[in-house]
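This report refers to the structure that appears directly beneath it.
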Amino acid sequence: MRHIRIAPSLLASDFSRLAEEIKAVEMAGADMLHIDVMDGRFVPNITIGQPVVSSIRKTTKLPLDVHLMIVDPMDHIDSFIDAGADIVTVHLEACNHLHRAMATIKSAGRGAGVSLNPATPVVMLKDILEELSLVLIMTVNPGFGGQEFIRSGLDKIKELDRIRQSRNASLLIEVDGGITAQNVAGVIKAGADIVVAGTAIFGSKDYRQAIRRLKLAR
Ligand code: DX5
Ligand code: ZN
């Protein structure tokens, strides 16, 4: 069976108790922490930046999966690496020099990811596939937690899974947005390796049970 990793999205946590929330999901079986960085330009919302990432780094050993929803991500890749990101993901729609961005991240020994908005086709990655550690398929329009899952994302996951197999590429497929215990089986079946979930975990009473449900759904 494929190894499925669960990445709780801290966006849905209680920021006033961030360290406790991180400890709680860590104890509950989280495989990594998903951190949503938003700049109020690429997306309408503003969330957290490098100082918070470096504070988080001090509270946990879990890998930090940093999702940059910002314009000109090239300007900030180094500082997020310095802050302790293990994976840095930029949006294809926001990055003029994707090849260079991936090389910069990988030369620091971190995972290099590209994210696609719901309207961006998988074929856009055709010429850069071998350079990628992961692809983050958005199943909501980025900007906010708690939105409804966009089902056309499933076909994109399947398409990407087919392409990576035919090209023998080692990239991981991560899926983000609107994932619930009800729709996660479809996401995993389509080919996802990493499942991001905000509301489905932090909105539940029992984090351990919520993570288990997501991980074991088939
Ligand atoms: C949306 C973010 C997601 C979000 C997921 O822009 O990238 O990571 O926090 O939250 P849920 O799981 O609630 O849709
Ligand atoms: Zn995200």
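The numbers here are math on the coordinates, done by the rules we state, and not lab data. In this text the structure is predicted, and so the values were computed from the model without any measurement. Virtual Cβ from ideal backbone geometry, glycine too; neighbours counted across all protein chains shown.
The stretch 1-74: Rg/Rh from Cα coordinates, Kirkwood Rh?
When Rh is taken as the Kirkwood radius, the ratio is 0.99.
Over the stretch 121-193, what portion of Cα pair distances is larger than 15 Å, expressed as a whole percent?
That fraction is 50 percent.
Where in the chain are the DSSP H helices whose C-alpha atoms run 30 Å or more along the long axis and whose mean Kyte hydropathy is at least -1.0?
Working: long enough: none.
Qualifying helices: none.
Apply 1/(1 + (r/R0)^6) to the Cβ-Cβ distance of ARG151 and VAL52, taking R0 = 25 Å, and write down the FRET efficiency to the nearest 0.05.
Using R0 = 25 Å, I get an efficiency of 0.15.
Taking N as the number of residues in the stretch 1-130, what is its alpha-carbon radius of gyration divided by 2.2 N^0.38 Å? Intermediate values should be presented prior to the final figure.
On the way: Rg = 14.7 Å, N = 130, 2.2 N^0.38 = 14.0 Å.
Computed over Cα atoms of the stretch 1-130, the ratio equals 1.05.
Given the Cα-Cα distance of GLU93 and ARG218 and 0.36 nm per residue of separation, how much length would full extension add, in nm?
Going from the current span to full extension adds 41.8 nm.
So if R0 is 30 Å, what FRET efficiency would MET27 and ASP86 give, r being the distance between their Cβ atoms, rounded to the nearest 0.05? Spell out each step's value before the answer.
Numbers: r = 20 Å, r/R0 = 0.66.
For R0 = 30 Å, the calculated efficiency reads 0.95.
Just need the relative contact order of the stretch 119-218 here, percent rounded to a whole number, with Cα pairs under 8 Å and 6+ apart.
The normalised contact order for the stretch 119-218 reaches 28 percent.
Within the stretch 1-96, report the trypsin sites (Lys or Arg not before Pro) that DSSP leaves as loop and that have at most 15 other Cβ atoms within 10 Å. Each step should come with its number before you reach the end.
Details: sites: ARG2, ARG5, ARG17, LYS23, ARG41, ARG57, LYS58, LYS61; in loops: ARG2, ARG41, LYS61.
Passing sites in the stretch 1-96 are ARG2, ARG41, LYS61.
At a threshold of 8 angstrom on Cα-Cα distance, excluding pairs fewer than six apart, so keeping six or more, what relative contact order does the stretch 139-186 reach in percent? Spell out each step's value before the answer.
Numbers: 36 pairs, mean separation 24.3, N = 48.
Result for the stretch 139-186 is 51 percent.
What is the percent of Cα-Cα separations in the stretch 1-41 that go past 14 Å?
Result for the distance tail: 51 percent.
Need one number: the % of Cα-Cα pairs in the chain sitting beyond the 31 Å mark.
Counting every Cα pair in the chain, those more than 31 Å apart make up 12 percent.
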